[in-house]
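**Q** Pasting in a structure now, in structure tokens, and then I'll have a few things to ask.
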Amino acid sequence: MKGFQTFTAWLSTAPADWFADFVRTRRDLVRTDTASLARLAGSASTRKGVAVAMEALNAEELQTALRAAKAARVDPVVPRSALEASSVVLDRLILLGLLWPAQNSTEDTAAGTPGDAEFFGFQSEAIALLPTSAAESARPPEWTEYPRPDEPALTPIPKSVALNAQAAAAGAAGGTVAAAVRAIEADPPSQLMSGGVGKRDVQRLASALDLEYAQTIFVLELCGALNLVGVDSSSIDPVWLPTSEYDILKRTDRGSLHAALVRAWLHMGEDITHIATGHTPRGDRVHPLNSVVKPTTANPYGGHPSALPPVRSARFRLLRSLLSPEVPLPQPGSGTSTGTSADSGTSADQKTAETPSIRLTDLTAVLQWCYPLAPAFNRETLAQMLSEAEFLGLVATPLTAPDSYGLTPLGRTLAEHLNTSLPAAAQPLDYAGSAATVPADFAETIGELLPDLSLIHISEPTRPL
């Protein structure tokens, strides 16, 4: 083939609209020091730049990238026939900077898009990140076999069930957290030498709060995330005690407290399933409240070098996928968004209408297809995240299908807010952790769900005759 062009050459000759779309999609590559096409192309070709692009692929696109990587190991010029993919999928890989037409754009086919070229170049760093060796091919990752999920069957959640679920959670969650702090004050648990709280202390707290073990860990992590408990290291045997933040919490109105709990949940980097088993998938030991003593930014998962905090981004993507479960799959090549763009101006009637719920099995399949490199999307972790969201009143289950989950009006308000604010903050991975927060009026919205305590009167008990 004549005139093989490099990635830099492709960017310099690409149609203007394609180059503009590439820059908008790869905002992560555009910085104040990106002063030339060569530097932009160089950033996209680094291992970090390639890893980010790969994280933005759905399973079909990633499987195509793997075929391209295997072909590129033999010959840097990859024929279209080796990719077994539509032009739409190839256009997506080109838009992310993983693939490019190997011929000058003037030699492209007359069909009109770069994905219609007959030969392609492929990023060499992607070859190293994908399982292309014989040993890796013998034991390929699960995503290499992911099929396109069928359209899920949805079960409606009655309006009354969703409203009751969110109101009950808004009334109980803050009280449970406060009860946990009081129980710690009454019987302070010792700090482990490695940091955190031991299993026996958690079990004792679970018994005092009448909670399951995993749910007790979640409540403890919320306490830690809000800085309500800390270590008193003034003695030989350091113990956990309430902090001055707890005194402030006791004077906080219930709506603001619950909004703070939801905000803390969005930013919690720990996976409760890891804490319950005592170790991360990488083998690191982990205990409840360990992150308060020893904050870590290490990825608890092995494998692909994720550019995102995996647990935090998974919570966002889980909420967003529940916004429109009736249309959960992206069109091929259109990106990884799992739902239609929500209208932040949704009316109150829409927010309180019957909401669809999706089975956990179907939800897992959809999220694994849309985000095959996101390690947190397994059934066990998703079940725990949904349990946490249910504790906070963000999701509910229909009475006839307890294995199905849908957003409550409160959860929809939060999901719509995140859906409209985060994708604009970070491309192509549509998540910016520092920008993940609750709506400005979230506390007032929650306060409207709670009964007015001033209207509750406790009568004197009747004296026996």
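The values are calculated or read from the model by the stated rules, or taken from the named source; none is laboratory data. For clarity, every value in this text was computed on a predicted model and none was experimentally measured. Neighbour counts run over all protein chains shown; Cβ positions are idealised from the backbone, glycine included. Ligands, DNA and RNA are excluded from the accessible area calculation, which covers all protein heavy atoms including side chains. Shrake-Rupley method; radii C 1.70, N 1.55, O 1.52, S 1.80 Å.
**Q** Name the long-range amide H neighbours of LEU99: under 5 Å, sequence gap of 5 or more, or other chain; modelled H, no Pro or chain starts.
**A** ILE94
**Q** What are the residues whose amide H is under 5 Å from the amide H of GLU354, where those residues sit 5 or more places off or on another chain and H is modelled from the backbone?
**A** Amide H to amide H, under 5 Å and 5 or more residues apart or across chains, GLU354 pairs with LYS159.
**Q** Something else now. Residue-wise, which Karplus ³J(HN,Hα) couplings in Hz belong to the stretch 286-292, taking 6.51 cos²θ - 1.76 cosθ + 1.60, θ = phi - 60°, and x for glycine or proline?
**A** Karplus-based 3J(HN,Hα) across the stretch 286-292 equals 8, 10, x, 6, 4, 5, 5 Hz.
**Q** Could I ask something else about it? Given the options ALA180, MET54, ALA162, identify the residue whose Cα lies farthest towards the positive end of the charge dipole of the chain (+1 on Cβ of Lys, Arg; -1 on Cβ of Asp, Glu).
**A** So the residue we want is MET54.
**Q** So what's the back-of-envelope 222 nm ellipticity for the chain, counting only DSSP H runs of four-plus at -39500 (n - 2.57) apiece and dividing by all residues, rounded to 500?
**A** That comes out to -13500 deg cm²/dmol.
**Q** Please report, in debye to the nearest 20, how large the charge dipole of the chain is about its Cα centre when each Lys and Arg carries +1 at its beta carbon and each Asp and Glu carries -1 there.
**A** Dipole size: approximately 840 debye.
**Q** Using alpha carbons only, how many degrees (0 to 90, rounded to 10) separate the axis of helix 16-25 from the longest principal axis of the chain?
**A** Helix 16-25 sits at roughly 30 degrees to that axis.
**Q** Determine ³J(HN,Hα), in whole Hz, for all residues of the stretch 221-238 in sequence, where each value follows from phi through the Karplus function 6.51 cos²θ - 1.76 cosθ + 1.60 and θ = phi - 60°; x replaces Gly and Pro.
**A** Along the stretch 221-238, the couplings run 5, 5, 4, x, 5, 8, 6, 7, 10, x, 9, 8, 9, 7, 10, 5, 10, x Hz.
**Q** Using the alpha-carbon atoms, what tilt in degrees (0 to 90, nearest 10) does helix 159-186 show relative to the longest principal axis of the chain?
**A** For helix 159-186, the angle is close to 70 degrees.
**Q** Under a 1.4 Å probe, what is the accessible area of the chain per residue, stated in Å²?
**A** Averaged over the residues of the chain, the accessible area is 46 Å².
**Q** Report in % the part of the accessible area of the chain that belongs to carbon and sulfur, leaving out ligands and nucleic acids; probe 1.4 Å.
**A** Here it works out to 53 percent.
**Q** With everything on Cα atoms, drop me the angle between helix 254-267 and the longest principal axis of the chain, reported from 0 to 90° to the nearest 10.
**A** Between helix and principal axis, roughly 40 degrees.
**Q** Just one of [x] 22.5; [y] 25.0; [z] 28.3 is mean projected area of the Cα convex hull in nm² calculated from these coordinates, so which is it?
**A** [z]
**Q** What does the charge dipole of the stretch 163-312 about its Cα centre add up to, to the nearest 20 debye, if the Cβ of each Lys and Arg holds +1 and the Cβ of each Asp and Glu holds -1?
**A** Here the size comes out at about 240 debye.
**Q** Taking LYS70 as the anchor, which aspartates and glutamates have their alpha carbon closer than 14 Å to its alpha carbon, excluding any fewer than eight residues away along the same chain?
**A** GLU84, GLU125, GLU136
**Q** Tell me which trypsin sites (Lys or Arg not before Pro) from the stretch 222-267 have a DSSP coil assignment and no more than 15 other beta carbons within 10 Å of their own.
**A** LYS250, ARG251
**Q** Find which of THR296, LEU399, PRO15 sits farthest along the positive direction of the dipole of the chain, computed with +1 on the beta-carbon of Lys and Arg, -1 on that of Asp and Glu, about the Cα centre.
**A** My answer, from the dipole projection, is THR296.
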